[in-house]
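What follows is a short report on a single structure.
Quick note: the coordinates plus some simple rules give every number you see, no bench work behind them. Note that the coordinates shown come from a computational prediction; the quantities given were computed from them, not determined experimentally. Here the Cβ positions follow ideal geometry from the backbone for every residue, glycine too, while neighbour counts run over all protein chains shown.
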Amino acid sequence: MNIFNVNNVFFTVLGSPVSYIEFWATVLIAVYVLLITRRIIWAWPLGLIVFTLFSILFYQIRLYSDFFEQFYYIGNCFYGWYSWKKAGDKKEIDISCATSKARLTAIIVIAAGGMVMGFLMSRIHIYLPRLFPQPAVYPYIDATATVMGFVAAALSAQRKIESWYLWICVNVICIGLYYTRGVKFVMFLYVFFLALAVNGLISWGKELRRKEN
């Protein structure tokens, strides 16, 4: 049995089939996030496994922007692993609002990046038919969410509160995408991520207001 095949059902949830790869990718990414929040370095090697599994999953359900996104996260795991091993105690960056210029830049990057990536993903089965024999589904929506995630990650690293607004949008889009593609176990994970993003926005907002008062 090929446990990496999305059609191999492990169990069903509310009448929806959950494949082995969907189950393990979802469980492991929850552990990965937990380890990250607790600053445990073993999150990074686990992340290599997690994002490899998700790349295989997204390829099979034809969310190609999500597929390519995983390679960014795989690279980030190598970087995070290296930097955490090397870094000592560092002063945290204060939470702040992005400048008007940074906000405009983020909007332009998301809009332009989503259009360009969406265009490429909508035609990738034409450009690379051997690797991608079937056309992507929802290429522009998927691509926009992917680029938005990149921008959100960059703003999160700078502790800009606007990052949480973007994460909320990303999670809402992903919930819809994964529901329509039938990977509802992953969808429930992103409902959890959405709750975390809302909580992050609230907690960062409180800290920012305390700082301003």
Log entry: pair-distance distribution for the stretch 165-205, C-alpha pairs binned every 5 Å from zero, whole % per bin is 6, 29, 30, 18, 11, 5, 2
The farthest towards the positive end of the charge dipole of the stretch 1-95, of the residues Phe4, Trp42, Ile74, given +1 on Cβ of Lys and Arg and -1 on Cβ of Asp and Glu, is Trp42
Rounded to whole angstrom, the alpha-carbon centroid of the stretch 158-181 lies from that of the stretch 102-134 at a distance of 18
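Give me the net charge of Val147's neighbourhood, meaning all other residues with Cβ under 12 Å from the Cβ of Val147; Lys, Arg count +1, Asp, Glu -1.
Details: positive: none; negative: Asp66, Glu69, Asp142.
Once positives and negatives cancel, what remains is -3.
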Across all Cα atoms of the chain, Rg and the largest Cα-Cα distance (Dmax), in Å, are 18.0, 61
Gyration tensor on Cα atoms of the stretch 59-146, a ≥ b ≥ c root eigenvalues, a/c under 1.5 rounded, else prolate if a/b beats b/c, else oblate, says oblate
Ranked by GNM mean-square fluctuation in the chain (Cα springs under 10 Å), the top entry among Gly149, Gly114, Gly182 is Gly182
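Just check the stretch 136-184 against the gyration tensor rule for me: Cα atoms, a ≥ b ≥ c as the square roots of the eigenvalues, rounded for a/c under 1.5, and otherwise prolate or oblate depending on whether a/b exceeds b/c. Each step should come with its number before you reach the end.
Values: a/c = 3.42, a/b = 2.07, b/c = 1.65.
Prolate, because a/c is 1.5 or more and a/b exceeds b/c.
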Going from the fewest other Cβ atoms within 10 Å to the most, one would list Ser16, Ser83, Ser163 as Ser83, Ser16, Ser163
Interchain or sequence-distant (5+) residues whose placed amide H lies within less than 5 Å of the amide H of Phe10 are Val18, Ser19, Tyr20
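Please arrange Arg38, Arg159 by counting, for each residue, the other beta carbons lying within 10 Å of its beta carbon, fewest first.
Details: Arg38 8, Arg159 15.
So the residues, fewest neighbours to most, are Arg38, Arg159.
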Going residue by residue through the stretch 198-204, the Karplus relation 6.51 cos²θ - 1.76 cosθ + 1.60 with θ = phi - 60° gives ³J(HN,Hα) values, rounded to whole Hz and with x marking Gly or Pro, of 5, 5, x, 5, 5, 5, 5
Neighbour-count ranking for Phe51, Phe23, Phe71 (other C-beta within 10 angstrom, fewest to most) reads Phe71, Phe23, Phe51
Under a Gaussian network model of the chain whose springs join Cα atoms within less than 10 Å, the largest fluctuation of Thr52, Thr144, Thr105 belongs to Thr105
If one builds a Gaussian network model of the chain from Cα atoms under 10 Å apart, the most fluctuating residue listed among Asp66, Asp94, Asp142 is Asp94
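Let me have the 222 nm mean residue ellipticity of the chain computed from DSSP H runs of 4+ only, each contributing -39500 (n - 2.57), with the sum over all residues rounded to the nearest 500.
On the way: 8 runs with 153 residues, N = 213.
Helix-only estimate at 222 nm: -24500 deg cm²/dmol.
Tell me the relative contact order for the stretch 20-138 as a rounded percent, counting alpha carbon contacts under 8 Å between residues six or more apart.
Computed value for the stretch 20-138: 22 percent relative contact order.
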